[in-house]
Amino acid sequence: MVFVRDGELVAPGEPICVQEEYAPGENAKVDEDGRVISIILGRVFYDKAGRTVSVKPLKSREAIRIGDQVLAQVRELQDKIA
């Protein structure tokens, strides 16, 4: 039984489908009742060939690479512990 259609928005913990139909892919897991649920806020995508369901995040983080400039703020310092 599919609870959510392809491309629909889901919240963390929301059931997507049952494990018998699709295996959990990226950002999805199986709960104790055998339902595949989302672990993030995002959109559902079914891979019909691979029989998996994934949740793509609404926002993606940009990877920091060598040479990138980063703006940061120090919030706490700790003494070294030997």
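The values are calculated or read from the model by the stated rules, or taken from the named source; none is laboratory data. Bear in mind the structure is a predicted one, so any value in this text is a computation, not a measurement. Using ideal geometry, Cβ is built from the backbone for each residue, glycine included, and neighbour counts are taken over all protein chains shown.
Brief remarks on what is shown
- From the options Val74, Val4, residue that is at pLDDT below 95, in a loop (DSSP other than H, G, I, E, B), more than 13 Å from the chain's Cα centre (by Cα) and surrounded by 13 or more Cβ atoms within 10 Å (Cβ to Cβ): Val4
- Residue tally, condition exposed (fewer than 10 other Cβ atoms within 10 Å of the Cβ), under 30 Å from Ile37 (Cα atoms) and either of a type outside the set (A, V, I, L, M, F, W, C) or in contact (Cβ under 8 Å) with a residue 12 or more places away in the chain (or both), over segment 50-71: 4
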